[in-house]
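Before any comments, here is the structure.
The values are calculated or read from the model by the stated rules, or taken from the named source; none is laboratory data. None of these values were measured; they are calculated from a predicted model. Because the Cβ atoms are built from the backbone with ideal geometry, glycine has one as well, and the counts that use them run over all protein chains shown. Each accessible area value is taken on the protein alone, full model and side chains, heavy atoms only, with ligands, DNA and RNA left out. Shrake-Rupley method; radii C 1.70, N 1.55, O 1.52, S 1.80 Å.
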Amino acid sequence: MTYKLIGVIVLITILLTLPLSARNAPYTTGKGIFSWKFNNRVGGDAPTTDYQYHDVGNIWLTVTNWGFVGNPDKNSMPYYPSCEYPANSDLEYLFQSGLWIGSIVKEAASKRETLVSTGLDGWLNSSNSDYQEFYPGTDPGDTIKIKSTRQSSEFYDSTAISEQDFIAEYFDDQDISGAEHQPQGVKVIQSSYAWSYSFNDDFVLVHFEIMNEGFQDGSSFVLTKGWLGLYVDADTGPNWNTNYNGPAQDDVAGFWQEEYNDAYGNKKVLKLGLIQDADPGGGANDPNWPKGYWEYTGESQYNDGWHTTTLISAFVVGNPLEEKNKGNGTVGLKGDSLVTCWNWWISDSSGAANNDESPMGDGEKYRRLSNGQNDFFDEGSKTEEGKEKWSNEKQMVPDDTRFLISYGEFNDIKKGDKLAITVAVICGLNRLHLVENAKWAKDIYDNNYIGPQPPKAPGLALNGGNKKVEIFWDNSSESSKDPITNIADFKGYRVWRSRTGLLTDFQLLATYQMEMNTEYTYQNKKNKGKWGTNKPPMKDGKYYLVDQPVLNGFQYYYSVTAYDWGYGDENLGENQSVDPLECSVTENATAVVPGNEHTTAIEDVYVFPNPYRADLKYRNDGFEAEYTEYGRRVVFCNLPKKCIIRIFTLSGELIRKIKHDEVLAKNTVAQWDLMNMNKIAVSSGIYLWAVESLSSDTPGKKVGKIVIIR
């Protein structure tokens with residue numbers, strides 16, 4: 001597939017209307033006032049650096065545990081995608097992005113210094129540079145921790161936030177030989193979250209918690225006049241796996257602002273700072289962007305050989321004030337409101353303080369963090385005048401552009417105090433799609449990371465009979481409400497069967513679907529559906545389905561899932577539609593083994609397969625679920641209602657005892673997994689079995705032999 005894209009990196013900030021008055025923040029440029037405190041976590045050992053990349057959704061994003069997001073160096077890091085979208089397209093939109101943390105530190109009234117700790121600055125810091133300012137600890141366990149809400153995942157954890165959580169911890173007080181960095185005693189916990197649903201697979205949320213932890217000797221600085229910033233260096237274009245080069249030099253910066261109301265009528269504001277590929281040909285034909293943005297000439301001058309209508313962004317969904325209101329911070333603001341700054345510049349390490357050039361040193365970085373300015377893209381707009389004029393304009397000359405979004409000013413940050421910020425890295429096929437994804441990211445963050453949800457799975461019960469399985473389920477799914485809309489939007493049930501229990505092996509048996517409720521409107525919050533002619537049959541007050549014929553003695557898995565209507569623009573406003581959602585078959589998947597009705601003659605009991613041969617691969621026939629020792633089994637059939645099965649060696653040693661109760665088991669068969677009482681696989685040989693009936697209507701005992709051939 002060929003993608004023609006106009007790549008963009010966007011910084012989107014969602015916040016209230018805030019004052020943007022310019023301020024001249026106090027700072028000094030001297031160094032060495034203090035005896036600098038290092039925890040010396042590195043010492044003689046290397047820090048335990050680690051990297052992972054999110055790949056459950058349509059955006060593949062690398063995260064690290066040493067201060068930055070993205071993968072700028074395929075030589076020293078694995079060939080992970082930096083920020084690839086669409087997934088597996090070889091198109092990248094990010095070089096690196098990371099935190100900037102700045103303050104005026106004080107040890108005494110006469111001892112103050114301006115410091116900024118950076119995950120990267122884009123021209124000095126890199127993945128293998130002496131100028132890296134954040135590192136993890138040196139313990140082998142100081143790697144990125146992984147969690148998942150997916151019950152089928154090896155990383156499943158009930159405390160997980162998303163389908164793919166990556167949690168990292170790093171510090172700014174490493175004693176790195178040759179570095180000029182001077183630490184503030186800051187610890188950062190970085191947690192990134194990714195999903196795979198249609199409404200949230202185009203972004204990754206990254207939560208940063210910043211704490212003044214102090215130093216190893218117990219001392220600490222008071223961090224005054226604190227500022228937090230997110231730095232973004234976007235190089236938009238084909239990745240290094242293609243034949244195209246030079247994606248950095250043809251980018252342009254811009255700004256976009258948009259208001260919307262969420263499903264509950266809350267007014268929200270998106271403020272989007274962006275970096276976009278300036279390759280000609282895409283923008284002029286894109287109706288979603290104002291004309292004039294792509295009025296460049298000469299492909300050889302600006303073009304890296306690729307252009308695209310796809311956009312990508314990194315935007316702040318939870319600023320430090322919002323995080324504090326959620327209980328994720330302890331530090332208040334200096335003044336009545338949060339001040340937001342947005343600055344862009346072109347890479348230049350000449351050391352000049354000009355706003356168009358790279359800020360060199362902590363003093364200049366702090367000035368850029370705290371200047372109270374929103375850049376509006378040309379030399380004449382860097383003052384208070386012209387801000388309204390330039391509110392929807394952007395840079396007109398492509399170059400290697402980057403930007404910084406920052407927040408402050410915070411009260412004194414003492415030891416143990418915390419600040420937090422949450423960022424979304426987001427992609428979209430065009431501006432409208434990007435804004436739709438931005439709204440979802442903001443709404444999901446505001447709703448404690450919970451997005452639209454499918455109805456809960458119903459309660460399920462199975463009865464195994466002679467060549468049949470009876471499936472019963474309740475109606476609890478029908479009153480399940482979506483957490484975003486607060487509407488009971490249940491639409492129907494699907495009944496599934498599997499011979500293995502594996503997620504990919506379930507086959508659809510039946511579908512039951514409601515009709516649209518004509519009394520429903522989004523405003524009246526009534527159920528969206530009502531049963532018509534396609535209602536499931538009922539038995540004993542439960543929904544009911546019989547699956548027949550099935551094979552006696554073979555294990556089957558059944559599940560009943562519930563799905564909703566989905567919803568569109570009438571629910572959530574412009575462009576926030578959601579495809580119908582269905583709960584997973586794993587939520588209530590249940591195993592059953594059908595068999596004859598319980599016997600009234602003990603002589604009818606038998607066991608199969610007999611002999612058991614490991615080389616026959618019973619899984620191919622659906623008899624066993626997996627190719628492991630724990631997946632093997634033989635089945636005792638035609639059992640009494642209650643009985644005890646004992647298995648012996650030929651010498652008479654009891655190696656396994658199995659209790660069978662038809663009421664509890666919901667079938668008339670029992671299984672032996674070819675394990676002894678210590679859960680050790682039995683070896684090849686001849687074994688004796690005895691079934692002792694505990695049912696008055698089937699008295700007696702049956703004894704037999706079984707052969708195991710491995």
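For the reader, a short list of remarks on this structure follows.
- Boolean, residue 410 is at pLDDT below 55 and either in contact with a Lys or Arg (Cβ under 7 Å, 6 or more places away or on another chain) or of a type in the set (Ser, Thr, Tyr) (or both): no
- Scanning the stretch 314-330 for residues that are among the aliphatic types (A, V, I, L, M) and open to solvent by 10 Å² or more (accessible area, probe 1.4 Å) yields one hit, 321.
- Hey, residue 160 open to solvent by less than 50 Å² (accessible area, probe 1.4 Å), modelled with pLDDT under 70 and either assigned to a loop (DSSP other than H, G, I, E, B) or not polar (S, T, N, Q) (or both) or not: no
- Hey, residue 201 modelled with pLDDT under 95 and either in contact with a Pro (Cβ under 6 Å, 6 or more places away or on another chain) or not in a loop (DSSP other than H, G, I, E, B) (or both) or not: no
- Among the residues making up the stretch 422-468, those that are of a type in the set (A, V, I, L, M, F, W, C), buried (at least 23 other Cβ atoms within 10 Å of the Cβ) and assigned to a strand (DSSP E or B) are 423, 424, 425, 426, 427.
- For the stretch 526-571, a tally of residues being of a type in the set (Asp, Glu) and open to solvent by 50 Å² or more (accessible area, probe 1.4 Å) returns 3.
- Given (1) buried (at least 20 other Cβ atoms within 10 Å of the Cβ); (2) out of contact with any Leu (no Cβ under 8 Å at 6 or more places or on another chain); (3) in contact (Cβ under 8 Å) with a residue 60 or more places away in the chain, index of the condition residue 503 fails: (1)
- Positions within the stretch 404-415 being of a type outside the set (Asp, Glu), open to solvent by 10 Å² or more (accessible area, probe 1.4 Å) and in contact with a Gly (Cβ under 8 Å, 6 or more places away or on another chain), in sequence order: 411, 413, 415
- Qualifying positions in the stretch 383-403 - surrounded by fewer than 24 Cβ atoms within 10 Å (Cβ to Cβ) and modelled with pLDDT of 70 or more: 399, 400
- Enumeration of residues in the stretch 441-465 that are in contact with a Gly (Cβ under 7 Å, 6 or more places away or on another chain) and at pLDDT below 90: 464
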